[in-house]
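First comes the structure, then the notes that go with it.
The values are calculated or read from the model by the stated rules, or taken from the named source; none is laboratory data. Model, not experiment: these values are computed from the prediction. When we count neighbours, we look across all protein chains shown, and the Cβ atoms used for this are built from the backbone with ideal geometry, even at glycine. The protein model used for the area step is the full one, side chains on, heavy atoms only, and it has no ligands, DNA or RNA in it. Shrake-Rupley method; radii C 1.70, N 1.55, O 1.52, S 1.80 Å.
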Amino acid sequence: MRKIEHIGIAVKDLQASNLIFEKLFGAPAYKEEEVASEGVKTSFFMNGPNKIELLEATNPDSPIAKFLEKKGEGIHHIAFDVEDIVSESERLKNEGFTVLNEIPKKGADNKLVAFLHPKTTNGVLIELCQEIK
Ligand code: ZN
């Protein structure tokens, strides 16, 4: 794993939260994207070298809807940039982590992504992401 690629924050109302983060960073989201397969609408902010992803549920079965129901708004996941998501997933599986996506899937922002179950990572949902070239 290389650097933190972004931090994902679950929000109830993406448009309202966009305004808050725009004020916080002094710049608007550079991208908004819906990932229909995940039932989420996302927006991305850059602040210096750091990226923040906001996630809103688009249907009640979305993982984000379930997270909001259980925990409320807040940090949802930490994403790490990886060079090769397939070999890194394999390595982590062999180390005893539960990789939720045997086959990496297409995420937002031009990335292949796979998640590690938080029960094997001290309650933190970890996203691996590899840039699609
Ligand atoms: Zn993410």
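Tell me, what is the FRET efficiency for I78 and A36 to the nearest 0.05, using R0 = 30 angstrom and their Cβ-Cβ distance as r?
0.80
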Exercise. Report the extension gain between E69 and R2 in nm, rounded to one decimal, defined as 0.36 nm multiplied by the number of residues separating them, less their alpha carbon distance.
Key: 20.9 nm
Practice problem: Mind putting together the pair-distance distribution for the chain? All Cα pairs, 5 Å bins, whole percent per bin, short to long. | Solution: 2, 11, 20, 25, 20, 14, 6, 2, 0
Self-check item: Degrees between helix 14-25 axis and first principal axis of the chain (Cα, 0 to 90, nearest 10)
Solution: 90
Quiz item: Per the 1.4 Å probe, what fraction of the accessible area of the chain, in percent, lies on carbon and sulfur atoms?
Solution: 55
Exercise. Run through the DSSP bridge list for the chain and note the antiparallel percent, rounded to the nearest 5.
Key: 80
Practice problem: Given a cut-off of 27 Å, name the pairs among K12/K133; K66/K93; K71/K119; K23/K106; K41/K93 whose C-alpha atoms lie farther apart than that in the structure shown. | Solution: K12/K133; K23/K106; K41/K93
